[in-house]
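Data block below; observations after.
The values are calculated or read from the model by the stated rules, or taken from the named source; none is laboratory data. The structure presented is a predicted model; accordingly, all values stated were derived computationally and were not measured. All Cβ positions, glycine included, derive from the backbone under ideal geometry; neighbour counts span all protein chains shown. When the accessible area is computed, the model is the full protein with side chains, heavy atoms only, and any ligands, DNA or RNA have been set aside. Shrake-Rupley method; radii C 1.70, N 1.55, O 1.52, S 1.80 Å.
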Amino acid sequence: MSETGGVAELDPEQELPEIAGGGGEASEGGPKFTLELNQDQKDIREWVHGFAEGVVRPAAEEWDEREETPWPVIQEAANIGLYSFEALGQFWADETGLTLPIANEELFWGDAGIGMAIMGTSLAVAAIFGQGTPEQMGEWIPQCFGTPDDVKLGAFCASEPDAGSDVSAIRTTAKYDEAKDEWVINGQKAWATNGGIANVHVVIASVDRKLGSRGHAAFVIPPGTKGCEQGTKVKKHGLRASHTADVHLDDCRVPGACLLGGKEKLDERLARVREGKKAKSQAAMQTFEASRPTVGAQALGIARAAYEYALEYAKEREQFGRKIIENQSIAFALADMKLEIDAARLLVWRAAWMGRTGQTFENAEGSMSKLKAGEVAVWATERAIQILGGNGYTREFPVERMHRDSKIYTIFEGTSEIQRLVISRAISGVHVK
Ligand SMILES: Cc1cc2nc3c(=O)[nH]c(=O)nc-3n(C[C@H](O)[C@H](O)[C@H](O)COP(=O)(O)OP(=O)(O)OC[C@H]3O[C@@H](n4cnc5c(N)ncnc54)[C@H](O)[C@@H]3O)c2cc1C
């Protein structure tokens, strides 16, 4: 045994031996671990960043103040192909899973309200993609986006006034009218992004209240369906360029073919549940779980925007005859912001990679990523306001808007408490309440 206790001594001048599968090639047993982005990922990041910097950021203040859907910006995103199923499909196609979070981070770096106005449709698309048959995907996904000549939106409606975190409390019902092969949907949806202004609404409804969330199914409400109306438009703290509204469903009749996945599959699932067997999936939860790292990436975009703004400001602003960044308290705050943002990104990328490569989320890594990124965004944007002082608190500077926008990331797509619940149950196996 050597004096180093069995650890091989390294000559500091010696080059490290070449590692099998180096140079980005896939090694035996799958692709090697790397955080180096490939050229496609870098190109997409640059493309989305260019749009965020050139189009989204300059429009951010105006649409936040107007609190309206920024149709001209969505139109520009459609013109360049960024607002399209093709782009979303391309981001999704990356087999490492990283392109989707990368694109979201860049877009939301531009502005979160406008980012959500562009990306809100993807929640409806994810539900159709996750639960629809190939025919349903082919029919409804293109109608969520429309075309660059006639841009449309999609909306995903799960939440209700009395069913937010507790999805099992959903009261909206869907009853099958066998004679007409139609579903009749009744209920009220709350806080739906693009609710009432979307071309296609995907609605989660209960087909058997006794079964709780296991009795839920997802339905497409086609454009112009009678009985599907926008309720109150919500006035919000942040994300104000993104439309949020109640949706009323009054004897809303949709063709049998609008049940995502089809009736046969639903009947089989309900029969299994009624026999006491485990259901394979829960309609709403499935959609949320798949989208958590992407939502985390949106929060990261806001956090990074605020950090970068505060860093530049601290290098310019002078008090007591020196730049404020020369004070440790400011410099250390910026160091911590960078540290936390990078740590959150690693969690987001891990979860996105796990999801795309079919790994089991044994410790609720998807929830971890969203929880961390959401909380970092709220914290980092608040720090940015502090670094800008009085200016940070005014609407003349963007960090107060970023702080307002960030707060939703500890609330929607599962609150921070619900993420902690999911994680604690996963790590302990205990049904923590
Ligand atoms: C801007 C915006 C956009 C939205 N977009 C959509 C959309 O497109 N589609 C859609 O379906 N929904 C959407 N939502 C709804 C969103 O998902 C819900 O607001 C969210 O799930 C929280 O539900 P809630 O507001 O009813 O809060 P509640 O569930 O009432 O929670 C209130 C508080 O209690 C805590 N709490 C609840 N249960 C527990 C528990 N078991 N343990 C510990 N703490 C608990 C929560 O963490 C929270 O702090 C949106 C909301 C907003 C504000």
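Has region 131-150 got any residue that is of a type in the set (S, T, N, Q), within 16 Å of the ligand (Cβ to nearest atom) and at pLDDT 95 or above? Let's see the steps before the verdict.
Just the residues of region 131-150 that are of a type in the set (S, T, N, Q), to begin with: 131, 133, 136, 143, 147.
Still in the list and also within 16 Å of the ligand (Cβ to nearest atom): 131.
Going one step further and asking which of them are at pLDDT 95 or above, we end up with none.
Checking region 131-150: not a single residue is of a type in the set (S, T, N, Q), within 16 Å of the ligand (Cβ to nearest atom) and at pLDDT 95 or above.
From the list 198, 163, which residue is closer than 24 Å to residue 84 by Cβ and either open to solvent by 10 Å² or more (accessible area, probe 1.4 Å) or within 16 Å of the ligand (Cβ to nearest atom) (or both)?
Details: 163 fails: closer than 24 Å to residue 84 by Cβ.
Being closer than 24 Å to residue 84 by Cβ and either open to solvent by 10 Å² or more (accessible area, probe 1.4 Å) or within 16 Å of the ligand (Cβ to nearest atom) (or both) holds for just one of 198, 163, which is 198.
Condition check: part of a loop (DSSP other than H, G, I, E, B), among the β-branched types (Val, Ile, Thr) and at pLDDT 95 or above. Does residue 69 satisfy that?
Values: part of a loop (DSSP other than H, G, I, E, B): yes; among the β-branched types (Val, Ile, Thr): yes; at pLDDT 95 or above: yes.
In short, yes.
Would you mind telling me which numbered condition in (1) buried (at least 16 other Cβ atoms within 10 Å of the Cβ); (2) more than 22 Å from residue 130 (Cβ to Cβ); (3) within 16 Å of the ligand (Cβ to nearest atom) residue 154 fails?
(2)
Consider only pairs whose beta carbons are under 9 Å apart and that are at least six residues apart or on different chains; among these, list those whose first residue lies in region 229-257 and is without any contact (Cβ under 8 Å) to a residue 24 or more places away in the chain and whose second residue is within 11 Å of the ligand (Cβ to nearest atom) and of a type in the set (A, V, I, L, M, F, W, C).
Short answer, once both residue conditions are applied: 232/245.
When you look at residue 185, is it within 13 Å of the ligand (Cβ to nearest atom), open to solvent by less than 40 Å² (accessible area, probe 1.4 Å) and more than 24 Å from residue 82 (Cα to Cα), yes or no?
Numbers: within 13 Å of the ligand (Cβ to nearest atom): no; open to solvent by less than 40 Å² (accessible area, probe 1.4 Å): yes; more than 24 Å from residue 82 (Cα to Cα): yes.
In short, no.
Residues being farther than 11 Å from residue 199 by Cβ, in contact with a strand residue (DSSP E or B) (Cβ under 7 Å, 6 or more places away or on another chain) and of a type in the set (A, V, I, L, M, F, W, C): count how many of those fall in region 123-162.
7
In the list 337, 354, which residue meets the criterion of being open to solvent by 10 Å² or more (accessible area, probe 1.4 Å), in contact (Cβ under 8 Å) with a residue 12 or more places away in the chain and of a type in the set (A, V, I, L, M, F, W, C)? Break it down stepwise before answering.
Values: 337 fails: open to solvent by 10 Å² or more (accessible area, probe 1.4 Å).
The unique qualifying residue is 354.
crowded, with 17+ Cβ neighbours inside 10 Å and under 27 Å from the mean Cα position of the chain (by Cα): is that true of residue 205 in this structure?
Values: crowded, with 17+ Cβ neighbours inside 10 Å: yes; under 27 Å from the mean Cα position of the chain (by Cα): yes.
Judged against the criteria, residue 205 is a match.
Here's a check for you: in region 126-139, which residue that is surrounded by fewer than 24 Cβ atoms within 10 Å (Cβ to Cβ) and hydrophobic (A, V, I, L, M, F, W, C) is nearest to the chain's Cα centre (by Cα)?
The initial filter retains those residues of region 126-139 that are surrounded by fewer than 24 Cβ atoms within 10 Å (Cβ to Cβ), namely 126, 129-139.
Keeping just the survivors that are hydrophobic (A, V, I, L, M, F, W, C) gives 126, 129, 137.
Numbers: 126: 10, 129: 15, 137: 20 Å.
Per the criteria, the residue is 126.
Would you check if there is a residue in region 106-122 being outside any loop (DSSP other than H, G, I, E, B), touching a strand residue (DSSP E or B) at 6+ places or on another chain (Cβ under 6 Å) and under 24 Å from residue 195 (Cα atoms)? Lay out the reasoning, then the answer.
Going through region 106-122, the residues outside any loop (DSSP other than H, G, I, E, B) turn out to be 106-110, 112-119, 121-122.
Subsequent filtering for residues that are touching a strand residue (DSSP E or B) at 6+ places or on another chain (Cβ under 6 Å) retains 121.
Then drop every residue that is not under 24 Å from residue 195 (Cα atoms), which leaves 121.
Yes: one or more hits.
For region 335-433, give me every one of the helices (runs of 4 or more DSSP H) that falls completely inside it and has 2 or more residues that are small (Gly, Ala, Ser).
Those helices (runs of 4 or more DSSP H) span 365-388, 416-428.
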